[in-house]
1. Among (1) closer than 28 Å to V225 by Cβ; (2) in contact with a helix residue (DSSP H, G or I) (Cβ under 8 Å, 6 or more places away or on another chain); (3) within 16 Å of the ligand (Cβ to nearest atom), there is one condition E371 misses while meeting the rest; what is its number?
2. So L131 passes all but one of these: (1) under 23 Å from A237 (Cβ atoms); (2) hydrophobic (A, V, I, L, M, F, W, C); (3) within 27 Å of the chain's Cα centre (by Cα). Which condition number does it fail?
3. Please identify the pairs in which a residue from region 345-367 that is not assigned by TED's automatic domain parsing to the domain that holds I398 has its Cβ atom under 8 Å from the Cβ atom of a residue that is modelled with pLDDT of 95 or more and more than 8 Å from the ligand (Cβ to nearest atom), counting only partners at least 6 apart or on another chain.
4. Just need a number here: residues in region 433-445 that are out of contact with any Lys or Arg (no Cβ under 8 Å at 6 or more places or on another chain), under 19 Å from E423 (Cα atoms) and crowded, with 21+ Cβ neighbours inside 10 Å.
5. State the number of residues belonging to region 114-139 that are surrounded by fewer than 20 Cβ atoms within 10 Å (Cβ to Cβ) and assigned to a strand (DSSP E or B).
6. Residues being surrounded by fewer than 21 Cβ atoms within 10 Å (Cβ to Cβ) and either hydroxyl-bearing (S, T, Y) or within 12 Å of the ligand (Cβ to nearest atom) (or both): count how many of those fall in region 405-418.
7. Could we say that V319 is within 18 Å of V433 (Cα to Cα), touching a Lys or Arg at 6+ places or on another chain (Cβ under 9 Å) and in contact (Cβ under 8 Å) with a residue 40 or more places away in the chain here?
8. Is there a residue in region 392-400 that is in contact (Cβ under 8 Å) with a residue 24 or more places away in the chain and either surrounded by fewer than 19 Cβ atoms within 10 Å (Cβ to Cβ) or not assigned by TED's automatic domain parsing to the domain that holds N315 (or both)?
Amino acid sequence: MNPNLAAFLYLVSGVLFILALRGLSSPATSRAGNRYGMIGMTIAVVTTLVSSQVWPGLDIITVFLIVLALGIGGGIGGVVAKRVPMTSMPQLVAAFHSLVGMAAVLVAFAALYSPDNYGIGTPGHLHAQSLIEMGLGVIIGAITFSGSIIAFAKLNGNMSGSPILLPARHLINIAIASVIVLLLVIFIASGGDALWAFWLATLLSFGIGITLIIPIGGADMPVVVSMLNSYSGWAAAGIGFTLQNTALIITGSLVGSSGAILSYIMCKGMNRSFISVILGGFGADAGDAAAAGGAREARPVKQGSADDAAFIMKNAGSVIIVPGYGMAVSQAQHALREMADFLKEEGVKVSYAIHPVAGRMPGHMNVLLAEASVPYDEVFELEDINSAFSQTDVVFVIGANDVTNPAAKTDKASPIYGMPILEVDKAKTVLFVKRGMSSGYAGVDNELFFRDNTMMLFGDAKKVTEEIVKAFGH
Ligand code: NAP
């Protein structure tokens, strides 16, 4: 293929990737965004294959192997993506990132051992720039791979979500990182001859990926997954320079920067500094708090039935619905929309309040509400709706906990202190739908359950909501 045409097609795919990100920023345009991304990726893959310098000489077996690899990878990806429940999305993303990291490592090794195929010199005589790109690509790729595997295991319950705090872990990490940098310098100074340094740097990078992620608690894992997503993007961009592939440089940079922005948004939503997340240990407090929760005194709470909830909401002027992780677990969004439809028919003003870190990943609640065809103009972000709670009759909190916990504002010792919350307690009545008195993800008690204007509706979120709909006489 003419190199100018290839460059043009890479540019087209880059523009499509940017449109994809733009589309994914709102539920209304997310499907179109996904389609742009798929078309862009198809153009990029086909262009790479057709413009490959070795393409004209490819034998039928190699073509067959490429098509087979695409079929197996695409097939597994399609099936897994279709089957995975929304609540397991963070671990799926972690698993996919590990593959991106490993791909970066393998490409770097392939380029090192057969540089002539990549146009970056001959064995032992590689361009210095390529050596730097390869070195950075392999280090970031290896950290991404092993770090993502640990993140997957923690999120998937294969290993404890509590932080595993090695003694002197910061010193160990600094020591390993220094040795990796030293090995990289030796490798580059040798003109690519010191293969042992490259191998050793790779192995140590796999190791530091583990020691960096193991001390981080489950509560911070989604931030870590997003950070690893960012790393995998930078690794891909680094390899893109080695391969002189514009599409890979553009895609890698987009993934790298969007992952970094997402990590920042999550940290801001939880009022945690990025550095404190990376240094780990947050889940330790959560674990302690959860353990303390087991010994908590039995305080009386006001408990209501679905009939009580139906009566209160039917007679309200306004209801704000606050969904959280429990709604996602029980898949209550469709029943919830039915309930809201009925209330609207009765003349009740219904809105939805979304906290930026409700659920287990950014946008988790928006996706579920969109799936149930909740109108977008009824859904509000925290800063747009917080002032409305004080003029609201009823707040229906369904499977949310931490995002409403006033301890975030009042208790300096609480691990969630400083996190912005939805100020549901300012409403006249607060209905809490949850199965029992358990704490949320951060493992801290919620004082709101014991307030006079709170009524607990114990049960599975979907079941309770369906009972309320039934109680409406539907
Ligand atoms: P949450 O604080 O984890 O609370 C969820 C509540 O849902 C639990 O207290 C649980 O109580 C209840 N529940 C679970 N299954 C249920 C079911 N089937 N039916 C009814 N209730 C059920 O959730 P959240 O308020 O959405 O807060 C999210 C938490 O995740 C925050 O701590 C946030 O910092 C953290 N986080 C989120 C993100 C993100 O990007 N979204 C990222 C990192 C961390 P019972 O067991 O008593 O039912």
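1. With respect to (1) closer than 28 Å to V225 by Cβ; (2) in contact with a helix residue (DSSP H, G or I) (Cβ under 8 Å, 6 or more places away or on another chain); (3) within 16 Å of the ligand (Cβ to nearest atom), E371 is out only on (3).
2. Tallying (1) under 23 Å from A237 (Cβ atoms); (2) hydrophobic (A, V, I, L, M, F, W, C); (3) within 27 Å of the chain's Cα centre (by Cα), L131 fails exactly one: (3).
3. none
4. Total satisfying the criteria: 5.
5. 3
6. 4
7. The answer is yes for V319.
8. Yes, because at least one residue in region 392-400 is in contact (Cβ under 8 Å) with a residue 24 or more places away in the chain and either surrounded by fewer than 19 Cβ atoms within 10 Å (Cβ to Cβ) or not assigned by TED's automatic domain parsing to the domain that holds N315 (or both).
The values are calculated or read from the model by the stated rules, or taken from the named source; none is laboratory data. Keep in mind that what you see is a predicted model, and the values were worked out from it rather than measured. Here Cβ is always computed from backbone atoms with ideal geometry, including for glycine, and neighbour counts include all displayed protein chains.
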